[in-house]
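Right, one structure below, let's go through it.
Each reported figure results from applying straightforward, stated rules to the coordinates on display, with no laboratory input. Note that the coordinates shown come from a computational prediction; the quantities given were computed from them, not determined experimentally. Cβ placement follows ideal geometry from the backbone for every residue including glycine, while neighbour counts extend to all protein chains displayed.
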Amino acid sequence: MLPSFVALLGLGLSAAPPPSPAAPSASALLHAQCRTHAADPSRPWALAHGMDLDGKAFRARDGRPASDAIVAGFLRRDAPDAGGTARYFFDAFTPDGTPVEPHPALQVKTFLLAGYPRSHSFRTAWGQVTLRELVASLQHDFRPALAASPDGAWALDALSHVLEPGQSFVNGAGETVRMDAVMDTALATLEAAQAELARGMKAGLPQLPKNKQGIYAHPCGGLHFFQAVAGWARFPSVRKAWGPRLDAQVDVLVYRLASESRQYEAALTAAPAYRVPVLVQMVKFHGHFLEALGRYRDETGWKPTPAQARAVEEAKAALEHATLRLEATGAFRDTEALSRTQPQLALDLVGDACHAARGWDLWASAKAR
């Protein structure tokens, strides 16, 4: 019987001959996959993933900055009443199903983390709009319940980059939203989601099966949620208040590395027909893992222990191996064709390549740090 998570992955492509000795490196493959397939100006979700890798420098295929293509083509506005303020938003999907912002605040979070100042102005069909106005609309729409939702990661990440401990805002429902309380709830949510993994780690279990429970019910296995929570600890007062609680969540993430890696390798052996989807999942997990810990290090000054540093090297090796095996199937070369038969898998091939390339870059010079 196949592992339960394999049955959800879908069918893969037929295996192709292994790459030649002159084949590109795993890093080059990931970067090329992202920069080639994320640049379509009609695919705003993909453009945002290109920005995850290259920030403000990422451009759509037509030469425009990716952010300009996203805002000009897909930002929507609720016109204000007399004397009121306009509300800006992105739909989750276009009418034909193209993802725009399937997770609340993904685009605003992307612009903020790319380094755009809030004073930056974007051109739209009705005139100029600033990133500050987009943030104000995010705050208007934000509800504290998102702090306990798997879909809240992107909004939390965005807000934590425009607010500091002790600050608050009033949302469209008239509620005063206090960021300290929101992020404390988010940490508690992360702890609850990873509780089963924490128990497995403490019990010394070699692995904990992933069956869409707990953190595995989150998009991308909850690694965006981890990033949003962990980044708040860049403030010394937060780091002091959370202390061992956040340290424990980092330990759980490192435990997940060994646990999940074993299960992916077992799935490859047990279900060769699912080779491509499993390899994509491997690139997804290891790339997001490296991105999450790389951001945590850079944003908070975290210094990994020797064991944690070894885990990072193991994740890099696993990402490299999975990427090269995925290239051998022909999946990277056939992404456009795959989008017509397995659109979600094709999207994963693009988005996960972008995250993985960024995760790789964050640790590429780790020995020099």
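Assorted remarks:
- Only one of the numbered conditions (1) part of a helix (DSSP H, G or I); (2) under 19 Å from residue 108 (Cα atoms); (3) of a type in the set (A, V, I, L, M, F, W, C) is violated by residue 29, and that is (2).
- If you go through segment 23-49 and keep only what is more than 15 Å from the chain's Cα centre (by Cα), among the small types (Gly, Ala, Ser) and closer than 13 Å to residue 358 by Cβ, you end up with just 27.
- Any hit, segment 295-306, residues being in contact (Cβ under 8 Å) with a residue 60 or more places away in the chain, buried (at least 21 other Cβ atoms within 10 Å of the Cβ) and under 21 Å from residue 220 (Cα atoms): yes
- Single residue of segment 317-330 satisfying the filter (part of a helix (DSSP H, G or I) and out of contact with any helix residue (DSSP H, G or I) (no Cβ under 6 Å at 6 or more places or on another chain)) that is surrounded by the fewest Cβ atoms within 10 Å (Cβ to Cβ): 317
- Some residue of segment 231-248 being without any contact (Cβ under 8 Å) to a residue 40 or more places away in the chain, closer than 18 Å to residue 294 by Cβ and either touching a helix residue (DSSP H, G or I) at 6+ places or on another chain (Cβ under 7 Å) or of a type in the set (Asp, Glu) (or both): yes
- Hits in segment 50-72 (condition: in contact (Cβ under 8 Å) with a residue 60 or more places away in the chain and either farther than 18 Å from residue 357 by Cβ or not acidic (Asp, Glu) (or both)): 50, 51, 53, 55, 56
- Yes/no for residue 186 being free of Cβ contacts under 8 Å to residues at least 40 places away in the same chain and either more than 27 Å from residue 100 (Cα to Cα) or surrounded by 14 or more Cβ atoms within 10 Å (Cβ to Cβ) (or both): no
- A search for C-beta distances below 7 Å between a residue of segment 102-119 that is closer than 22 Å to residue 59 by Cβ and any residue that is among the acidic types (Asp, Glu) and surrounded by fewer than 24 Cβ atoms within 10 Å (Cβ to Cβ), counting only pairs 6+ apart in sequence or on different chains, returns 107/101; 110/52.
- Flag if residue 269 is polar (S, T, N, Q) and either in contact (Cβ under 8 Å) with a residue 12 or more places away in the chain or under 27 Å from residue 186 (Cβ atoms) (or both): no
- Helices (runs of 4 or more DSSP H) (entirely within segment 94-180) containing at least 1 residues that are more than 20 Å from the chain's Cα centre (by Cα) and surrounded by fewer than 15 Cβ atoms within 10 Å (Cβ to Cβ): 131-141
- Flag for residue 275 being without any contact (Cβ under 8 Å) to a residue 12 or more places away in the chain and of a type outside the set (Ser, Thr, Tyr): no
- Count - residues of segment 189-230 that are surrounded by fewer than 16 Cβ atoms within 10 Å (Cβ to Cβ) and either on the phi > 0 side of the Ramachandran plot or assigned to a helix (DSSP H, G or I) (or both): 9
- Some residue of segment 340-358 being over 20 Å from the mean Cα position of the chain (by Cα), without any contact (Cβ under 8 Å) to a residue 60 or more places away in the chain, over 25 Å from residue 247 (Cβ atoms) and in a helix (DSSP H, G or I): yes
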